[in-house]
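Accompanying notes for the structure given below.
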Amino acid sequence: MNAAYNAAIALYKGAARLAALSSPKVRHMLHGQCETQARLARFRAEMAPDGFDVWFHAASLGEFEQARPLIEALLEHKPGTRILLSFFSPSGYEVRCDYDPRVAVVYMPFDTPEAVEAFLDAAAPRMAIFVKYEFWGNYLSSLKRRGIATYIISAIFRPGQIFFKPWGGMFRRMLGCFDRLYVQDERSRSLLASAGVDAVTVAGDTRFDRVTAIRAKGRDIAEVQCFLNASPGAPVLVAGSSWERDEDVYVPWLRNHPEVRAIIAPHEFDKDRLSAMRRRLGTDETMLLSDFKRICDASPEGAAKVASKLRYIIIDCFGLLSSLYRYADVAYIGGGFGAGIHNINEAAVYGIPVVFGPRHKKFNEAADLIACGGGFCVTDAAGTGSTLSRLFSDADGRRAAGKAAGNYISSHIGATAKIMTDIFGIDITSK
């Protein structure tokens, strides 16, 4: 890449080092990157002496969920495939570093020329698959020079992106480093064609396959069931990936509707955050899942008595959210008052209405769900309250909205099968 790009990456890296002084999250990332070479050496010795067959890179946890259907299809249909998975964000790595013993997991170093060459030398991948928005110039250029087949999956493009600006030539050249781009929609294909990029396949979004598989394998959570059994028939709101700004719009409504039970999964949590949530919801009516689980383990009868006094359960662990939506009558999806909404498909697959904030423009599924009547955008507390009141008071309307959401998901599955056939020559539908 040119000097300007490399200077920008160097500034980014320097800014991260400064941020690490006050951010444990950034410190974890930088520390993890320092360990990448040693981890690669160990993984190579243990499982991939000749290098990895496929390297998947996902920025964070959400992108991993798009890579996961392909990874698991490879593990099932082509056992023995040596897979490397990298993350850039701690929110992905810290949760999935022990994802599967057959998959090596590392942090991806910053996109500096020296770090890129060291990483690719150490990993020796035969193929690279990036997810959605991952465009790193030095990595892509080096992969192309080395003749390593490189793809991007579940990608989505919009007219405002730098690739389509008059001054975006350097970034358009990055797109030429991919052997093929698997995009979510026809609009993305048309935009790429206008930029002279034709190695494009409209495959859809693998997240639809992932959430469908999750629903099929979904598990009951005994403590949550105990909590809900204490108020049989009570309507249930599940708030997933909730941030404080989300709580600003839905908690006032909850406090005024004691007939509704809520299960709240904050996007990030620490002791102070959880304590503040309990105070806001009402300490006597709120309990952390971990605390309630200890009561359930000690005495089922005692747990039932405690549950009868609770209105809210706060989820203080990772890995449960995709199963929690099965208990919801309505789901609120967080992030829409911050950087962007989280995974709404994860809830919609259960055939329930999904409510979310205004920052959803980068997510086709949000606009599609609004259009089909399964999704509802809210912009403030008053609008959130009005929407929730309407959904919870009108059972027929709620069921119709949920059916629309479920039908939308089921009509969009199949991206994983297309990509597996195209890249690996494996027909996963025949087994």
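Side notes on the structure shown:
- The C-alpha radius of gyration of region 331-431, expressed as a fraction of 2.2 N^0.38 Å, stands at 1.25.
- Counting Cα-Cα pairs of region 182-232 in 5 Å increments starting at 0 gives whole-percent bin shares of 5, 17, 13, 11, 9, 10, 8, 7, 7, 7, 5, 2, 0.
- Residue 330 long-range amide H proximity, modeled H, under 5 Å: 236, 238
- Lys, Arg +1 and Asp, Glu -1 on Cβ, resulting dipole of region 220-410 about Cα centre, debye, nearest 20: 180
- Subtracting the Cα-Cα distance of residue 395 and residue 25 from their residue separation scaled by 0.36 nm leaves 128.9 nm.
- Projected label distance in nm at residue 198 and residue 35, using a 7 Å step from Cα toward the beta-carbon: 4.8
- Estimated dipole of the chain in Debye, rounded to 20 [Cβ of Lys and Arg +1, of Asp and Glu -1, Cα centre]: 480
- 0 to 90° range, to nearest 10: angle between helix 3-19 axis and the chain longest Cα axis: 40
- Near residue 150, the amide H atoms lying under 5 Å from its own belong to 128, 179, 180; only residues 5 or more places off or on other chains count, and H is placed 1.01 Å from N.
- Put simply, the convex hull of the Cα atoms in region 140-298 casts, on average, a shadow of 14.9 nm².
- Taking the charge dipole of the chain about its Cα centre, with +1 at Lys and Arg Cβ atoms and -1 at Asp and Glu Cβ atoms, the residue from 174, 286, 322 reaching farthest to the positive side is 174.
- Taking 7 Å steps out from each Cα toward its Cβ at residue 164 and residue 13 produces label points 3.3 nm apart.
- Once backbone amide H atoms are built at 1.01 Å from N, residue 105 has 85 as its partners under 5 Å, excluding neighbours fewer than 5 places away on the same chain.
- Region 66-77 - phi-based ³J(HN,Hα) in whole Hz, Karplus 6.51/-1.76/1.60, Gly and Pro as x: 7, 6, 4, x, 5, 4, 6, 5, 5, 4, 7, 9
- Using the Cα coordinates of region 220-410, the gyration tensor eigenvalues translate into equivalent-ellipsoid semi-axes of 26, 18, 15 Å, sorted from longest to shortest.
- Relative to the longest principal axis of the Cα atoms of the chain, helix 244-255 runs at roughly 20 degrees.
- Rg and Dmax over the alpha-carbon atoms of region 17-91 stand at 14.5, 45 Å.
- Potential extension, residue 97-residue 42 segment - 0.36 nm per residue separation minus Cα distance: 18.4 nm
- Kirkwood-Stokes translational diffusion coefficient of region 273-355, alpha-carbon pairs, 4 °C, 1.567 mPa s, µm²/s: 90
- A simple rule links phi to the HN-Hα coupling: the Karplus curve 6.51 cos²θ - 1.76 cosθ + 1.60 with θ = phi - 60°, which for region 281-286 gives 7, x, 4, 6, 9, 10 Hz, with x for Gly and Pro.
- Evaluating 6.51 cos²θ - 1.76 cosθ + 1.60 at θ = phi - 60° for every residue in region 326-341, the Karplus couplings come out as 4, 8, 8, 8, 9, 10, 10, 9, x, x, x, 10, x, 6, x, 5 Hz, glycine and proline recorded as x.
- Directionally averaged projected area (convex hull, Cα atoms, region 1-131), nm²: 7.9
- Shape index of the chain: Rg/Rh, with Rg the Cα radius of gyration and Rh the Kirkwood radius from the inverse mean 1/r over Cα pairs, equals 0.98.
No lab work stands behind these numbers, since they all come straight from the coordinates. This is a predicted model, so every value here is computed, not measured. Note that we place each Cβ from the backbone using ideal geometry, even for glycine, and neighbour counts take in every protein chain shown.
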